[in-house]
Every structure is written in structure tokens, then in C-alpha cells.
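Report on one structure; see the data block that follows.
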Amino acid sequence: MSCASCGGTGWRPVELDGVRRVERCECWEGTRTSKLVADARVPPRYARCDLDNFILYQNERLLSAVNRAKKFADEFPAVSKGLCLIGPPGVGKTHIAVAVLRKVVVTQGARGLFYDVRDLLRIIRSTYNPVVRTAEMDILRPVMDADLLVLDDLGAEKPSEWVEETVNLIVNTRYNERRPTIFTTNYEDVPDDADLDALKVRVGFRLYSRLHEMCEFLEYDGGDYRMLPANGGADDLTTLWKKRGQRSLPARAYRSARAEIRDPAERREPRDLKWPGGKAGR
Ligand SMILES: Nc1ncnc2c1ncn2[C@@H]1O[C@H](COP(=O)(O)OP(=O)(O)OP(=O)(O)O)[C@@H](O)[C@H]1O
Ligand SMILES: [Mg+2]
Ligand SMILES: [Zn+2]
């Protein structure tokens with residue numbers, strides 16, 4: 001609906017000492033914020049995720065992760081590192097990442113952007129054209145330039161040379177330009193290089209070492225919120241957490257990682273994705 005004072009232009013006419021000028025209309029901030037929120041591409045499922053509606057329970061590492069996330073949002077843009085949220089399914093990693101993203105967009109007017117890593121790669125692949133690179137750059141430019149980027153579900157993509165190169169390019173460019181990124185992943189930061197479910201193995205050694213340089217690692221486990229009965233609360237989450245017992249990744253992730261790494265038939269993928277100007281470091 002168009003604003004009565006400015007007709008939707010964001011500028012309204014005023015007269016000061018007989019001089020006619022325009023000034024920002026009150027509606028402008030609100031419109032601008034709504035546009036920034038829409039531009040951030042947060043999936044509707046997570047539209048209401050907030051740090052204030054995140055249920056807390058006696059889980060030291062979860063509490064610490066939430067505190068660190070709050071601190072990051074409060075201090076943004078004066079933050080030196082991004083965040084890497086690591087944990088099993090349903091513990092609220094995406095919720096926390098989105099909550100921080102929304103907060104900096106709404107309170108700081110930051111340009112935020114959310115992408116599930118698989119979706120992003122699928123879009124880049126689909127726009128790939130070996131002759132004209134403009135389409136993929138249309139996708140990549142905002143990803144590189146966003147004040148805060150959330151890359152959700154890192155490592156879920158089938159590993160391949162192209163995937164590694166592409167994610168490295170994005171991450172390196174942002175790192176070089178000191179733009180923070182929040183990652184979420186199911187893959188644990190374990191030291192065992194032979195473990196196919198180790199984050200290091202899953203995302204490749206180069207990206208892994210970059211992640212450590214550019215992010216604070218927040219690793220936690222907890223109850224799977226998706227298993228929570230309706231009207232369930234903190235106590236039920238604690239029970240679910242205890243039932244989950246020893247932290248472990250789902251067998252599904254483990255099996256698929258093995259199958260994928262052994263699969264020699266790599267899908268056809270674009271090669272040599274380059275960022276114009278060669279800004280991306282290695
Ligand atoms: N502690 C919590 N309080 C309130 N809502 C929660 C909490 N934890 C998770 N949720 C909600 O549960 C759903 C699943 O959480 P989310 O998607 O963030 O989990 P995740 O850790 O990212 O899981 P996955 O590894 O499968 O991606 C979301 O709708 C989220 O808002
Ligand atoms: Mg998630
Ligand atoms: Zn107006």
C-alpha cells in the first residue's frame with residue numbers, strides 16, 4: 001500500500017523557511033528493513049527464528065553457543081571472526097544462524113544473505129555457461145558482497161573437486177575482504193583424518209584450515225527439537241538429549257559419505273570458476 005505522505009517514494013516534500021525541499025519519510029526505514037529482510041532469503045520455515053524464542057536448558061555447550069551467537073549479533077559489524085555451528089540434526093544450528101542474521105539486518109541495516117550450500121551450488125551449476133560468465137556472477141556477487149552470509153549445511157553436498165573449488169572461492173573471497181560468514185554443519189571437528197565424517201575430510205583440507213582461521217567453532221549437542229511433542233519444553237529437550245546419549249552422527253550421513261567418496265563417476269560439473277579480478281586468494 002502506498003504511503004499517504006510520500007506516495008511510496010520514501011521522500012516527502014517539506015517547506016523550510018520558504019524553501020521547498022524533500023526529506024526522508026517515516027515510512028522509509030520500515031520499508032527498507034522489510035526489503036533487507038526479504039533480500040536475505042531466509043526460508044519461510046525459519047522466518048520467526050529469534051534468539052529470544054530459542055528454548056534454553058541445562059546444556060553447557062548449547063548455552064555457551066547461544067551466548068557467543070548473541071555476542072556476535074550485538075557486536076556486529078565489529079567482529080573479527082564468523083561462527084561455525086557444529087552439531088547433530090535438530091539442535092537448532094540453523095535457527096541460531098538465522099536469528100543472528102535477522103538481528104543484524106533489522107538492527108544494523110546490514111545486507112544479510114542465507115543460502116543452503118546445496119541450493120547455492122545447484123543454482124550456480126544451473127546458470128553455468130562456459131562462454132558467458134555473467135549469470136553465475138549474478139548469483140555469486142551478492143554472496144561475496146553480503147555484509148553477513150549464512151552458509152547452511154556445509155558438507156552435505158556430495159564432495160567433488162568442483163564443489164570444493166567453488167566453496168573455497170566464495171569463502172576465500174569473503175575472508176580476504178573481511179566479511180564474516182556463519183556456517184552450520186553436521187560434520188564434527190574430529191582429528192581423525194581417516195574418519196570420512198570428519199569435517200576436515202568432508203570439506204577438504206584447504207577449506208577446513210580457512211574455517212579455523214575465519215570462524216569461532218561452536219560445537220554442541222542436545223535434544224532433537226523435531227522430536228519434541230507439541231507443548232514440549234526445556235525438560236522434554238533435556239530428556240531427548242539424554243536419550244540421544246553418546247553424541248553420534250546419523251548412520252545415513254556416514255553411509256552416504258562413504259558411498260560418495262568411493263563413487264568414481266563424478267557428475268559433469270563446470271570447471272575453472274574464476275572470480276573476475278582474481279581477488280580470491282588460495
Ligand atoms: N532450542 C530450541 N528452541 C526453539 N526452537 C528450536 C530449538 N532447537 C531447534 N528449534 C526449532 O527446531 C527446528 C529444527 O531446528 P534447526 O533446523 O535449527 O536444527 P539444525 O541443528 O539446523 O538441524 P540440521 O542439522 O538437521 O540442519 C527449527 O524449526 C527450529 O526453529
Ligand atoms: Mg540446519
Ligand atoms: Zn512515506
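No value in this document is a laboratory result; all are computed from the given coordinates. As the structure is a prediction and not an experimental result, all values here were calculated from the model. Note that each Cβ is placed from the backbone with ideal geometry, even for glycine, and that neighbours are counted across all protein chains shown.
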- Message: I'd like to compare 209-218, 84-93: which one has the highest average count of other Cβ atoms within 10 Å, and what's the full order after that?
- Response: 84-93, 209-218
- Per-residue ³J(HN,Hα) for region 226-240, Karplus 6.51 cos²θ - 1.76 cosθ + 1.60, θ = phi - 60°, Hz, x for Gly and Pro: 5, 8, 6, x, 3, 6, x, x, 4, 5, 5, 5, 4, 4, 4
- Task: Scale the Cα Rg of region 52-171 by the rule-of-thumb value 2.2 N^0.38 Å and send over the ratio, two decimals.
- Result: 1.18
- Query: Could you give the semi-axes, largest first, of the ellipsoid that matches region 107-250, computed as the square roots of 5 times the alpha carbon gyration tensor eigenvalues and rounded to whole Å?
  - Reply: 31, 19, 15
- Sticking with the crude label model, points 7 Å out along Cα→Cβ, report the distance from ASP74 to LYS243 in nm, one decimal please. 3.5
- Item | Protection proxy ranking of 68-76, 165-173, 42-50 - average other beta-carbon atoms within 10 Å, highest first | 165-173, 68-76, 42-50
- Show the residues, 5+ positions off or on another chain, whose built amide H is closer than 5 Å to the amide H of GLU219. ILE86
- Remind me, relative contact order of region 1-145 in percent, using alpha carbon pairs under 8 angstrom and six or more residues apart? 22
- How would you rank LYS200, LYS242, LYS158, going from fewest to most other Cβ atoms within 10 Å of each one's own Cβ? LYS242, LYS158, LYS200
- Would you mind calculating the relative contact order of region 1-54 from Cα pairs under 8 angstrom and at least 6 residues apart, reporting the percent as a whole number? 22
